[in-house]
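The values are calculated or read from the model by the stated rules, or taken from the named source; none is laboratory data. Note that the structure is a prediction, hence the values are computed from the model and not measured. A quick note on method: Cβ atoms are made from the backbone with ideal geometry, for glycine too, and the neighbour counts reach across all protein chains shown. Ligands, DNA and RNA are stripped out before the accessible areas are found, and what is left, the full protein with its side chains, is counted by its heavy atoms. Shrake-Rupley method; radii C 1.70, N 1.55, O 1.52, S 1.80 Å.
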Amino acid sequence: MDIGWYLRRLRRMSVAEIAWRMRTAAIQQAWRFVTPGGPAVGAIAWTSAKLPALDSVDTAAQQRLLAAAEAILAGKWDVFGRNFDTAPRDPDWHRDVRTGIRSDPEQYCFAVPYRDPKQVGTVKYVWEPSRLHHVTLLAAAYRLSGAARFAEHAAAHLQSWWRANPPLKGIHWLSGIEIGMRLIAFVWARRLLADWPGVEALFERNPGFLLQLHQHERWLAVLHSRGSSANNHLIAEAAGLFIAASAFSGTPQQSRWANLAAGILEQEAITQTFADGLNRELAFGYHGYFLGLLLLALAEGEAAGRPLSDDFRRVVTRMADALAANLTPDLQAPRQGDGDDAVALMADAPETGPWAPLLELAAALLGPCDWWPKASGRFVLANVVGPLAPHRQRDDLRMARRPNSFKEAGVTFLRTADDAISVRVDHGPHGFLATAAHGHADALGFELAIGGRPVLVDPGTYCYQGEPEWRHYFRSTVAHNTLEIAAADQAVQAGPFLWSTQPTSWVESQSGIDAGDQAELTVAHDGYRRLEAKATHFRRFALDRRAQALTITDRIEAAAPVPVRLAFHLHPEVQAVLAGHRAELRWLGGAAVIDLPEQLSWALHRGEEQPPLGWFSPAFGEKIPAGALIGSGEMSAGESLETRLANGAAEAPRAAVGVKEFPA
């Protein structure tokens with residue numbers, strides 16, 4: 001990063017945070033001269049109860065897990081669209097699978113230039129394999145099948161990682177969230193390999209592991225995130241420390257560290273969650289990741305006799321209900337904000353996806369509401385975590401029906417009871433803390449599904465580091481279903497995880513959100529008041545449930561006319577035909593028509609690179625072309641742009657001229 005980034009980042013910190021960071025830097029320098037140590041063999045004991053057999057796991061889930069484990073043995077493990085070769089018993093943990101660049105494993109960790117792609121590659125691609133998800137997957141396959149080859153390969157990779165990454169050496173000792181994630185992997189590998197004859201020699205009777213355990217825990221106890229960095233990273237750090245210090249016990253220090261982590265989890269669960277249950281990052285992928293971490297901590301506390309409080313359980317329950325309310329009936333999730341496909345623990349095959357196993361785990365630990373969508377199978381995750389802490393029946397009030405309004409988070413659904421049409425509107429805060437690190441410039445944006453199929457979508461995230469022009473695009477206003485004014489984003493991007501301005505959004509009026517033939521929501525934001533025209537954007541959504549038609553009216557208040565672009569992004573499987581100001585949309589099993597504002601000049605874009613426009617990221621590290629309807633023109637104060645979308649085929653034949661078509 002250049003000096004400007006550091007200055008902008010410094011401005012987002014409090015005096016107390018600056019003082020803490022100076023203390024942290026001093027500790028990091030002091031540790032350079034300390035020889036790391038660990039507890040003696042016999043001091044640490046594994047205290048967790050034995051898991052039951054996995055007989056109740058769905059046959060299809062079993063087959064997927066075993067196939068994924070066999071693929072790992074054959075060297076196939078996907079890391080954001082690239083392959084990490086897992087076949088060797090001693091893989092290269094320091095090579096970036098995206099660029100091929102290898103960082104120096106002997107370098108003192110806090111001296112590693114992890115932001116320099118020429119020296120380390122793209123750091124997220126280096127870190128991801130060392131979360132050891134493939135190891136827990138192998139251990140789960142061993143638990144399911146009893147096949148020793150899975151246990152032996154998992155053990156070989158753990159031993160390889162410990163040898164290749166001595167404490168405080170190399171890039172893998174630099175990030176607290178990565179250290180927390182590895183502690184979770186260590187614990188669950190030990191638990192899932194409990195019946196393997198070599199498990200005690202691999203873990204609690206292994207001086208090498210005890211050194212790693214102690215140094216991972218010590219790092220987090222001393223250097224955990226604070227201030228403007230205390231987002232989901234802090235939760236992962238605290239969850240990892242709590243889980244490890246609870247499962248591996250026996251010393252007063254382990255008990256102190258477990259208590260420290262429990263206190264952080266109790267506080268941060270409240271601090272980082274809105275009262276309506278959504279995570280304050282306002283990036284839905286992180287809502288799932290955050291919830292998964294808290295569920296693992298909840299279960300570990302019960303299993304270790306260190307139960308977290310009832311208040312903690314209530315927060316986690318609200319989060320689970322919010323998750324269920326935001327999923328479609330077939331368990332597709334919103335794509336608001338950043339998402340990097342992170343999961344707290346991988347026990348099911350990656351192709352399963354995160355949402356069904358997570359929802360089933362929440363049901364096992366907390367109990368589901370009657371209105372929750374139903375998971376389609378019995379997954380490994382719930383069957384290994386659930387027995388640690390089966391849910392208790394409580395008197396706490398749960399929502400009797402699926403909520404449509406999350407007032408604090410600024411999310412409102414306009415939808416029919418059967419989800420024939422569903423519109424999720426974003427009118428909340430820009431993000432969490434001073435940096436809003438995982439927020440996008442998407443105020444008043446929306447996602448629309450018809451019959452459970454995504455039609456108008458949030459294009460997603462694609463990348464964090466390594467490709468700044470693509471990071472900028474996927475966070476930009478024009479990459480979302482909203483109105484761009486004066487060729488500027490609603491908020492100013494100051495770095496890949498930093499914004500120097502943040503818009504404020506609010507609700508002007510609403511009616512019929514939960515019932516009736518008509519639902520109306522009017523919202524606004526002030527992100528463009530920083531411009532010379534001092535523009536404010538107002539947007540009205542009106543859903544006719546009986547007609548299954550949505551009308552969107554955009555207007556502005558501004559001191560002068562301003563250039564605008566109005567964007568509607570299509571799912572890649574949606575075919576589009578644009579004729580003048582009408583777009584006909586078709587997909588397998590459905591169709592819709594959009595009548596677009598005639599004041600704007602409309603074009604259909606797909607897969608353009610200079611500048612980027614018309615892209616969709618189905619997973620982190622992947623992008624594919626997708627249609628984007630973009631209307632360009634000028635607006636003045638008081639002028640309105642009306643867009644109408646109707647479910648079903650076109651009411652009139654499209655014109656034979658002025659037609660532009662992109663197939664899926």
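The label point for residue 41 and the one for residue 195, both projected 7 Å from the Cα toward the Cβ, are 2.7 nm apart. Shape summary of the range 491-573, radius of gyration then Dmax from alpha carbon positions: 16.0, 45 Å. Determine which aspartates and glutamates satisfy two conditions relative to residue 374: a Cα distance under 19 Å, and not lying fewer than 8 residues away in the same chain. Answer for residue 374, where 19 Å is the Cα cut-off: 58, 321, 330, 348, 351, 360, 418, 419, listed by chain and number. Here, the range 479-632 yields an orientationally averaged convex hull projection of 11.1 nm² when only Cα atoms define the hull. Its residues counted as N, the range 609-652 yields a C-alpha radius of gyration over 2.2 N^0.38 Å of 1.72. Toward the positive end of the charge dipole of the range 19-85, with +1 on the Cβ of Lys and Arg and -1 on the Cβ of Asp and Glu, the farthest Cα among 26, 72, 83 is that of 26.
Judged by the gyration tensor of its Cα atoms, with axes a ≥ b ≥ c, the range 324-380 is oblate; a/c meets the 1.5 cut and b/c is at least as large as a/b. Taking 18 Å as the straight-line reach from the Cα of residue 169, the lysines in range (excluding those fewer than 8 positions away in the same chain) are 124.
Under 1.5 on a/c is rounded, so check that first for the range 541-589, then, if it is not, pick prolate when a/b is larger than b/c and oblate when it is not; a ≥ b ≥ c are the square roots of the alpha carbon gyration tensor eigenvalues. In terms of gyration-tensor shape, oblate.
Calculated mean residue ellipticity, 222 nm, the chain: -10500 deg cm²/dmol, from DSSP H runs (n ≥ 4) at -39500 (n - 2.57) each, averaged per residue and rounded to 500. Kirkwood-type hydrodynamic radius, the range 417-489: 13.5 Å, calculated from all non-identical alpha-carbon pairs. For the range 1-70, the alpha-carbon radius of gyration amounts to 2.20 times the rule-of-thumb value 2.2 N^0.38 Å expected for a compact globular protein. Assuming charge only on the beta carbon of Lys and Arg (+1) and of Asp and Glu (-1), the dipole of the range 567-634 about its Cα centre is about 160 debye to the nearest 20. For the range 333-485, the residue among 358, 346, 434 whose Cα projects farthest onto the positive side of the dipole built from Cβ charges is 358. Once the gyration tensor of the Cα atoms in the range 243-338 is diagonalised, the equivalent ellipsoid follows with semi-axes of 28, 12, 12 Å, ordered largest first. Per the Debye formula with a single identical scatterer at each Cα and no solvent contribution, what log10 I(q)/I(0) holds for the range 298-433 at q = 0.09, 0.19, 0.20, 0.22 Å⁻¹? Computed log10 I(q)/I(0) values: -0.29, -1.30, -1.39, -1.52.
Ligands, DNA and RNA are left out, and with a 1.4 angstrom probe the accessible area of the range 431-567 is 32 Å² per residue. Remark: the residue 551-residue 119 segment gains 150.4 nm on full extension, using 0.36 nm per residue and subtracting the alpha carbon distance. Percent of Cα pairs in the range 30-120 per distance bin of 5 Å, from zero to the largest separation: 2, 10, 11, 12, 12, 14, 16, 13, 8, 3, 0. For a test of the definition: using alpha carbon positions, the gyration tensor, and the 1.5 limit on a/c, classify the range 436-534 as rounded, prolate or oblate. Here the range 436-534 falls in the oblate category. Within the accessible surface of the chain, defined with a 1.4 Å probe on protein heavy atoms only, the carbon and sulfur portion equals 52 percent. Residue 70 contributes an accessible area of around 80 Å² to the protein surface, as traced by a 1.4 Å probe with all chains present. I need the Debye-formula profile for the range 82-227: one equal scatterer per C-alpha, no solvent, reported as log10 I(q)/I(0) at q = 0.10 1/Å, two decimals. Log-scaled intensity ratios, in q order: -0.34.
Within the chain, helices built from complete DSSP H runs that reach 15 Å or longer along their own axis (Cα positions) and carry a mean Kyte-Doolittle hydropathy of -0.5 or higher are 15-31, 59-73, 133-145, 148-164, 176-192, 207-223, 232-247, 252-271, 284-303, 310-326, 355-366.
In terms of overall dimensions, the C-alpha atoms belonging to the range 177-279 reach 47, 25, 21 Å along their principal axes, ordered largest to smallest.
In the chain, the convex hull through the Cα atoms has an average projected area of 28.6 nm², a quarter of its surface area. Across the range 541-566, the residues whose backbone nitrogen lies under 20 Å from the label position 7 Å along the beta-carbon direction of residue 639 are 552-566. The residues 114, 462, sorted by heavy-atom accessible surface at 1.4 Å with ligands and nucleic acids left out, run 114, 462 from largest to smallest. Taking the charge dipole of the chain about its Cα centre, with +1 at Lys and Arg Cβ atoms and -1 at Asp and Glu Cβ atoms, the residue from 288, 444, 603 reaching farthest to the positive side is 288.
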